[in-house]
Amino acid sequence: MTEQTLAAPIDDQDRQRGFSRYQSLLIALLAFTQFTIILDFIIMSPLGAILMPSLNITAGQFGVAVSAYAFSAGISGILAAGFADRFDRKRLLLFFYVGFTLGTMLCAAAQSYHVLLLGRIVTGLFGGVIGSIVLAIVTDLFPLHQRGRVMGFIQTAFAASQVLGIPAGLFLANHWSWHFCFAAIVGVSIVAIAVIALAMEPVDAHLRLKQDKNPFHHLIATLGQPRYTLAFAVTTLLATGGFMLMPFSSAFTVHNLGIDILHLPTIYLVSGLFSIVTGPLVGRASDAFGKYPTFVFGSVVSVIMVLIYTHLGHVSLATAILVNVLMFVGIFSRMIPSQALMSAIPDPSQRGSFSAVSASLQQLSGGLGSVLAGAIIAQEPDGSLLHFDRIGYVVVASAIVSLVAMYFVQRSVANRAGKRVV
């Protein structure tokens, strides 16, 4: 197999729109894998209102626990980048998935804040790399004109984690203990590991390309590519906003919006159901109308809804649900086309290392955003959060800058493809 084939150029590949049976199975398997990884991370946000009083910790300490995952994931991404293109991607996926599951076991067994913090660090060291491996697998096996739809289906894992995972997790936490949430994730992760081992074929065609034998040199070569610099910067900006809002969303919803904690699962359930429909539609739109135009739409919606959300006072449950649904429409309309567009940036021999570095920057910037948000906000004695609107302004500013920067990323990809819009 040649490097040109592995590159999956826009115009040189078979333009067949459908997926083969194995491709459909692979998409479902990767989506399920992402489901467990995303659920493990985002479950911390709705559990915040339960964890903080249970472990007797402050909002700042909770922000550190959330960002610990991100920082450890960022470090492991850099360390793994030099080796990411030197192994079968299936084996890499299994290795890091097993480590992620062991870290989640530690969270499930935690009886104190420090043990939970250690569990988040271990989970981040392994789980933070899995997303980049999934992206590299998708880029290796699917041409660019299909990647919007593939990313759309895979990102439904985010929605599924809300529809199935978060309500179930909150039910377990409300009726038994928050420990059961992590124990359930361990159970489904073990199932996913077994399916990957048995059903997934090796993904090793990239090993036939010329590789730098020194992992450190391979990492430096990736970091030193001028074409990648802007993509890395956009990745950093995109991560900052989400990590600033998400960790404190449940506490803000309960204490500032006046929504009873028992109604939190309803908000996540309805938002997730809409996102399951939105994800594939956004993927199709990005393939049909262009990745950047779809990203622009998502950015506009996100800016408007973030400003509305962060300035809300006490509202009805219906209003809270509507605002969350529209926010997630904006988030998905940015997330899916940006990932599809970024996948066209790296050379075939550097896809793994590029994805690992991108994931690392995403986690590190996200962790920094979470800590920054924890420093900006303050908590009243009744639990309500102060200065949440200031976080909204930072998120909006990062969205506007990323919109401009993404234009130049799109132009670079389009010029290489000989098109105006991809």
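Here the stretch 262-273 is the region considered, the condition is being in contact (Cβ under 8 Å) with a residue 60 or more places away in the chain and out of contact with any Pro (no Cβ under 9 Å at 6 or more places or on another chain), and the residue that is surrounded by the fewest Cβ atoms within 10 Å (Cβ to Cβ) is LEU262.
Hey, any hits in the stretch 230-252 for a residue that's outside any helix (DSSP H, G or I), at pLDDT below 85 and either open to solvent by 20 Å² or more (accessible area, probe 1.4 Å) or at positive phi (or both)? Within the stretch 230-252, none of the residues are outside any helix (DSSP H, G or I), at pLDDT below 85 and either open to solvent by 20 Å² or more (accessible area, probe 1.4 Å) or at positive phi (or both). Being under 19 Å from PHE87 (Cβ atoms) and either of a type outside the set (A, V, I, L, M) or open to solvent by 30 Å² or more (accessible area, probe 1.4 Å) (or both) is a condition met by no residue of the stretch 106-116.
Applying the set (1) open to solvent by less than 40 Å² (accessible area, probe 1.4 Å); (2) outside any helix (DSSP H, G or I); (3) not hydrophobic (A, V, I, L, M, F, W, C) to PRO381 leaves exactly one unmet item: (1). Would you confirm whether any residue within the stretch 15-23 is over 28 Å from GLY99 (Cα atoms), modelled with pLDDT under 65, of a type outside the set (Lys, Arg) and crowded, with 19+ Cβ neighbours inside 10 Å? Within the stretch 15-23 (the criterion being over 28 Å from GLY99 (Cα atoms), modelled with pLDDT under 65, of a type outside the set (Lys, Arg) and crowded, with 19+ Cβ neighbours inside 10 Å), the answer is no, since none of the residues qualifies.
Please work out which residue is farthest from ILE331 (Cα to Cα), limiting yourself to the stretch 284-309 and to residues that are surrounded by 22 or more Cβ atoms within 10 Å (Cβ to Cβ) and of a type in the set (D, E, K, R). Of everything passing the filter in the stretch 284-309, ASP287 is farthest from ILE331 (Cα to Cα).
Scan the stretch 328-340 and tell me whether some residue there is free of Cβ contacts under 8 Å to residues at least 40 places away in the same chain and buried (at least 20 other Cβ atoms within 10 Å of the Cβ). So far as the stretch 328-340 goes, yes, one or more of its residues are free of Cβ contacts under 8 Å to residues at least 40 places away in the same chain and buried (at least 20 other Cβ atoms within 10 Å of the Cβ). Pairs meeting the criteria (first residue in the stretch 377-391 and under 17 Å from PHE243 (Cβ atoms), second residue open to solvent by less than 50 Å² (accessible area, probe 1.4 Å) and not hydrophobic (A, V, I, L, M, F, W, C), beta carbons under 8 Å, at least 6 apart or on different chains) are LEU385/ASN256; PHE388/ASN256; PHE388/THR310; ILE391/THR310.
From LEU312, LEU317, LEU281, grab the single residue that is touching a His at 6+ places or on another chain (Cβ under 9 Å), of a type in the set (A, V, I, L, M, F, W, C) and either open to solvent by less than 10 Å² (accessible area, probe 1.4 Å) or at pLDDT 80 or above (or both).
Numbers: LEU312 fails: touching a His at 6+ places or on another chain (Cβ under 9 Å); LEU281 fails: touching a His at 6+ places or on another chain (Cβ under 9 Å).
Checking each option against the conditions leaves just LEU317.
The values are calculated or read from the model by the stated rules, or taken from the named source; none is laboratory data. Fair warning: this is a prediction, and the values are worked out from it, not measured in the lab. When we count neighbours, we look across all protein chains shown, and the Cβ atoms used for this are built from the backbone with ideal geometry, even at glycine. These area figures cover heavy atoms from the full protein model, side chains too; ligands, DNA and RNA do not enter into them. Shrake-Rupley method; radii C 1.70, N 1.55, O 1.52, S 1.80 Å.
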